[in-house]
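The values are calculated or read from the model by the stated rules, or taken from the named source; none is laboratory data. Quantities reported herein were computed from a predicted structural model and do not represent experimental measurements. Cβ: placed from backbone, ideal geometry, glycine included. Neighbour counts: every protein chain shown. Heavy atoms of the whole protein, side chains included, go into the accessibility calculation; ligands, DNA and RNA do not. Shrake-Rupley method; radii C 1.70, N 1.55, O 1.52, S 1.80 Å.
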Amino acid sequence: MSLAVHRQTVPTRGVLFVGVGGQGVLLASTILGEVAMAAGLDVKKSEVHGMAKRGGVVFSHVRFGTEVFSPLIGLAEADALVAFEWAEGLRWLPYLKRDGLLVLDLARIVPPAAQRDHRTWTVRYPDLDPAALTGHHGPVVAVDARGRAMQLGSPHVANTILLGVLAARLEFPTALWEEVIERCVPPGTAAVNRRAFHEGRTLEPCALTWAQRWTPPQGVPGWRVAVATAWCKGCDICVRVCPEGILRPDGRGAVEVTVPERCTGCRLCEWLCPDFAITVHSRPAAPAGVAR
Amino acid sequence: MPHILCPGCGHGIVAGALLRAICRLGLDQDTVAVVAGIGCSSRLAGYLDFCTLHATHGRAPAFATGLKLARPDLHVIVITGDGDGLAIGGNHLIHAARRNVDLTCLLFNNEIYGMTGGQLAPTTREGGVATTAPYGNVEPPFDACRLLAAAGATFVARGLAAQPLVLEELIARALAHRGFAFVEVLTDCPEFHGRYNRLGSGAAMLLGQIRATAAVEAHLAPLASTVVHPGLPPVRPPVETGVLVETTRPEFGDRLRAAAARWADAREDHAP
């Protein structure tokens, strides 16, 4: 794909930035808009506002060309889709042209609603498989921007890394990008953002990512509630505060754990027990049949 | 262990928060001294494996001042209750604050004298029934934090036993503060206050604290009045929690030692 910029009539191109709140989606799209403007193009931009609460969906349309009439990118009209988060990238795929460029951060931000079972951390979240996308669209550049950003010392510059990946495939001059990034990023972060930008320009699509390496424990009961019955006075506080409702009076003046495997390790009972009688252990439960 | 406190009493939660705060700051066990007066709260000193001192009723701040002057290297923690610290030892507490002695004072406010049988405390809510106020309390209660702030404490915070993590944070900040740090902790006395005033079990009283905090956050505090309605339990007016005062002022021991050094120099100058 070529998004070549000519002095003459440049057809309008559209780049769609998608991610979730807090990732710097809007800043990245602002930088692209500024770069296109500095290159003498007409730019129109549209974005969702109000996703201040981290985790909400954020997207930003950027269209640039000799003359742009509308800021909105229609279905299957985006020349490039820059997804800051894996599931968001999948969600917005219908907006990408058949041969459009897909830049994808393999960061995995699981929305609370997808955490079907917060005990075992099983989630309803699409598998991380960039290979499955190749062939259905244009070039797929899946990178581990967040992991690289953390290596650079600031997880906040993942957006600049992704911009670098995009910039390597657009034909705006590098000096222009650097100047605009320096102008737009928060004071004091210009140096790390410049490093991140160049990291992105040279970043190769990767196989195993930080996001993939992070695999939550599956199906392991990681918590064990131990009640020191001799210290328990049966005051009922833990019974009232346990969100899972797994503690109950045992009828002999103390409490007992009814469904130990449902413990989520929130430790409310431990912190709120005035008698130091409850301890929540984070190691795996003893095998069945082993008496404590 | 198990300690002597009644089922549902929140004092143990506060002790746990104190221990976690000390652990978080990484203080050496032998450099922590706990000075306590008399009362349910002050009993906790007996269960802590630090240097502990069980002082006379209300005089914990005075003992702690002496200890801190003699051993400036110690982290001296004063554990006191509302009756102990605000009534019997009221003067000792406000003068320790006035002098800005480098102490951390933890005041357990359960609105009653619990250990001695439920007598009226200076923090008992208006209308509250106590053994020495069988027809309801007619005295307005102290606001311990405003009192200590006015007396000159350089760190004043208020926490809830029902919010142990926030409390841990407040205590840790108080311990790290140099100067007189005062943390009032609202706890409960289900046995001698809750039962007489139909406030429910210890668990209910602690959960009620959360609701009161929510009322403050929702700016509904003016709606919760201190007026006593016949047939309804008296309410404790919702109060602000968190760090209320944080300033710096010269510490008492430093000033005293500087003055002593000046005096010694002056005496040498005039020596024959």
Can you tell me the orientation of helix B:164-176 relative to chain B, as the angle in degrees between its alpha-carbon axis and the longest Cα principal axis, to the nearest 10?
20 degrees
How large is the accessible surface per residue of the stretch B:1-151, computed with a 1.4 Å probe and reported in Å² as a whole number?
38 Å²
In the stretch B:1-45, which residues become less accessible by 40 Å² or more once every protein chain is in place, relative to the chain on its own, using a 1.4 Å probe?
B:1, B:2, B:3, B:7, B:13
Please give the solvent-accessible surface of residue B:143 in Å², to the nearest 10, using a probe radius of 1.4 Å with every protein chain present.
50 Å²
Quick check: pseudo-label points 7 Å beyond the Cα along Cα→Cβ at residue B:23 and residue B:265, how many nm apart are they?
4.7 nm
Quick check on the stretch B:90-204: take the gyration tensor over C-alpha atoms, sort the square-rooted eigenvalues as a ≥ b ≥ c, and tell me if it's rounded (a/c under 1.5), prolate or oblate.
oblate
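Buried accessible area between B and A (1.4 Å probe, both chains summed, ligands and nucleic acids excluded), in Å² to the nearest 100? List each step's numbers first, then the result.
Working: alone 12790 and 15110 Å², together 26390 Å².
Using a 1.4 Å probe on protein heavy atoms, the buried area is about 1500 Å².
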Rounded to the nearest 10, the angle in degrees between the Cα long axis of helix B:90-99 and the longest principal axis of the Cα atoms of chain B comes to 40 degrees
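Could you work out the relative contact order of chain B? I mean the mean sequence separation of Cα pairs under 8 Å and 6+ apart, divided by the number of residues, in percent. Mind showing how you got there, number by number?
Details: 570 pairs, mean separation 51.6, N = 272.
Across chain B, relative contact order equals 19 percent.
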Aspartates and glutamates whose Cα lies under 20 Å from that of residue A:44, excluding same-chain neighbours fewer than 8 positions away:
A:34, A:67, A:77, A:79, A:171
Name the shape class, rounded, prolate or oblate, that the alpha-carbon gyration tensor gives for the stretch A:25-97, where a ≥ b ≥ c are the square roots of its eigenvalues, rounded holds for a/c under 1.5, and otherwise prolate holds if a/b is larger than b/c and oblate otherwise.
oblate
Protein-protein interface of the stretch A:233-274, residues with accessible area decrease of at least 50 Å², isolated chain reference, 1.4 Å probe:
A:233, A:237, A:240, A:271, A:272, A:274
Working from Cα positions, state the angle (0 to 90°, nearest 10) between the long axis of helix B:252-269 and the longest principal axis of chain B.
20 degrees
Please work out whether the stretch B:144-195 counts as rounded, prolate or oblate from its C-alpha gyration tensor, where a ≥ b ≥ c are the square roots of the eigenvalues and a/c under 1.5 means rounded, while otherwise a/b larger than b/c means prolate and anything else oblate?
oblate
Mind grabbing the accessible area of residue B:47 for me, 1.4 Å probe, Å², rounded to tens?
80 Å²
